[in-house]
Amino acid sequence: MVNVKIENSWKAQLLNELSQSYFESLTHFLKNEKLAGKIIYPEGKAIFEAFALTPFDNVKVLILGQDPYHGKGQAHGLCFSVQHGVKPPPSLVNIFKEIKDDIGLEIPNHGNLTQWAEQGILLLNASLTVEEAKPMSHANIGWERFTDAVIRKVSEEKEGVVFILWGRFAQQKESLIDHSKHLILKAAHPSPFSAYNGFLGCKHFSKTNEYLRKQGKYPINWSIG
């Protein structure tokens, strides 16, 4: 098994995936790309940041993104989130607009979603790495097999999780989720190209909290300070 620095509860759940040859090939690919001088985002220590901030036992919401931001200083291992000091990208701006319209929170002055992750929201990208300035460049190196296993494991081993699927890509993963014991929320992607086709007005933030309350769980504080 490849020695991966991933949070212990996740390592226990994903032991089978981490032992597969495809995962070893994936790690070798990333090492070779870096040796070739290519810039990979996020930096190595942040690749599994979503898992570090949201241990398996704490997961009550899963938001699925596609791949990390590919600009300098943006990605830090959480989907849709950017590091402090980085201007929130358009999709994230639309997410904040919908939160304001849905539950009345003011739009924050930064785009770091760490506080969401710490409350039990797994902010998962389907691909966990990307080459600088090349979106989707690591879409076919094995990450999706791994993250599909993550989605499936959450569905199988937990109950009452809210799966938030924005856009066609995320919605293709719906087949991995057990409808009978989880809530699946679907809408258009928050990108400016599609947000007005059903994302804005979806009320997924209030719907998530309503469901969590019915499950006897603490609702999410969507404010990020």
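The values are calculated or read from the model by the stated rules, or taken from the named source; none is laboratory data. Predicted model only: the values in this text are computed from it and were never measured. Because the Cβ atoms are built from the backbone with ideal geometry, glycine has one as well, and the counts that use them run over all protein chains shown. When the accessible area is computed, the model is the full protein with side chains, heavy atoms only, and any ligands, DNA or RNA have been set aside. Shrake-Rupley method; radii C 1.70, N 1.55, O 1.52, S 1.80 Å.
Relative to the compact-globule scaling 2.2 N^0.38 Å, provide the ratio for the alpha-carbon radius of gyration of region 117-169.
The reported ratio for this selection is 1.29.
Quick one: P(r) of the chain from all Cα-Cα pairs, 5 Å bins, percents rounded to integers, in order of increasing distance.
The distribution over the chain is 1, 7, 14, 20, 21, 17, 11, 6, 2, 0, 0, given as percents.
Once each part is reduced to its C-alpha centroid, what is the distance from region 1-38 to region 168-206 in angstrom?
Answer, in whole Å: 29.
Please say if region 1-114 is rounded, prolate or oblate, where rounded means a/c under 1.5 for a ≥ b ≥ c the square roots of the C-alpha gyration tensor eigenvalues, and otherwise the choice is prolate for a/b larger than b/c and oblate otherwise?
Oblate, since a/c reaches 1.5 and b/c is not below a/b.
Determine the calculated [θ] at 222 nm for the chain from helices alone, applying -39500 (n - 2.57) to every DSSP H run no shorter than 4 residues and normalising by the residue count; nearest 500 deg cm²/dmol.
That calculation yields -10000 deg cm²/dmol at 222 nm.
Taking 0.36 nm per intervening residue step and subtracting the Cα-Cα distance, what contour gain separates Met136 from His110 on full extension?
Stretched fully, the Met136-His110 segment lengthens by 6.9 nm.
Viscosity 1.567 mPa s, temperature 4 °C: give me the Stokes-Einstein translational D for region 78-160 in µm²/s, with Rh taken as the Kirkwood radius over C-alpha pairs.
Answer from the Stokes-Einstein relation: 88 µm²/s.
Considering the zone a paramagnetic label at Lys186 would reach in this model (a point 7 Å from Cα along the Cα-to-Cβ line), which residues of region 145-176 have amide N under 15 Å from it?
Once the point is set 7 Å along Cα→Cβ of Lys186, 163-176 turn out to lie under 15 Å by backbone N, inside region 145-176.
May I ask for the net charge around Tyr22, where only other residues with Cβ less than 11 Å from the Cβ of Tyr22 are counted and Lys, Arg are +1 while Asp, Glu are -1?
Counting the neighbours of Tyr22, the net charge comes to -2.
Please work out the average accessible area per residue across region 137-218, using the 1.4 Å probe convention, and give it in Å².
On a per-residue basis, region 137-218 sits at 50 Å².
With +1 on the Cβ of every Lys and Arg and -1 on the Cβ of every Asp and Glu, and nothing else charged, how large is the dipole of the chain about its Cα centre, in debye rounded to the nearest 20?
180
Treating the angle as unsigned and between 0 and 90°, give the value, to the nearest 10°, between the Cα long axis of helix 143-157 and the longest Cα principal axis of the chain.
The angle comes out near 50 degrees.
If you plug each phi of region 163-179 into the Karplus form 6.51 cos²θ - 1.76 cosθ + 1.60 with θ = phi - 60°, what whole-Hz ³J(HN,Hα) values come out, in order, with x for Gly and Pro?
With coefficients 6.51, -1.76 and 1.60, one gets 9, 9, 10, 9, x, 4, 4, 4, 5, 5, 8, 4, 5, 7, 10, 7, 4 Hz.
For the chain, find the longest principal axis of its Cα atoms and tell me its angle to the long axis of helix 90-103, 0 to 90°, nearest 10.
Long axis of 90-103 versus the principal axis of the chain: about 30 degrees.
Using only Cα atoms, find the angle between the long axis of helix 204-214 and the longest principal axis of the chain, and express it within 0 to 90 degrees, rounded to the nearest 10.
80
Can you work out the Karplus-derived ³J(HN,Hα) for every residue in region 194-203? Use 6.51 cos²θ - 1.76 cosθ + 1.60 with θ = phi - 60°, whole Hz, and x for glycine or proline.
Each residue's phi maps through the Karplus curve to give 9, 4, 7, 9, x, 6, 5, x, 6, 6 Hz.
Quick one: which of 66-73, 98-105, 121-128 comes out on top by average Cβ neighbours within 10 Å, and what's the full order, highest first?
121-128, 66-73, 98-105
Once the other residues with Cβ under 13 Å from the Cβ of Lys100 are scored (Lys, Arg +1; Asp, Glu -1), what is the net sum?
Computed value for this residue: -2.
Name the long-range amide H neighbours of Gly65: under 5 Å, sequence gap of 5 or more, or other chain; modelled H, no Pro or chain starts.
Those lying under 5 Å, H to H, from Gly65 are Leu124, Asn125, Ala126.
Taking springs between alpha-carbon atoms closer than 10 angstrom, which of Leu113, Leu62, Leu14 fluctuates most in the Gaussian network model of the chain?
Result: Leu14 has the largest fluctuation of those listed.
Net charge near Ser137, counting Lys/Arg +1 and Asp/Glu -1 over other residues with Cβ under 13 Å of its Cβ?
Taking every Cβ under 13 Å from that of Ser137, the sum is -2.
If you roll a 1.4 Å probe over the chain with all protein chains in place, what percent of the accessible area is carbon or sulfur?
Looking at the chain in its full context, I get 48 percent from C and S.
State the answer as a single residue: which of Ile40, Ile99, Leu18 lies farthest towards the positive end of the charge dipole of region 1-115, with beta carbon charges of +1 for Lys and Arg and -1 for Asp and Glu, about the Cα centre.
Going by the charge dipole, the pick is Ile40.
Placing +1 on the Cβ of each Lys and Arg and -1 on the Cβ of each Asp and Glu in region 87-153, which of Ala117, His138, Pro90 has its Cα farthest towards the positive end of the resulting dipole?
Farthest towards the positive pole: His138.
Quote to one decimal, in nm, the extra length available between Lys38 and Tyr22 on full extension: 0.36 nm per residue of separation minus the C-alpha distance between them.
That pair, Lys38 and Tyr22, stretches by 3.6 nm at full extension.
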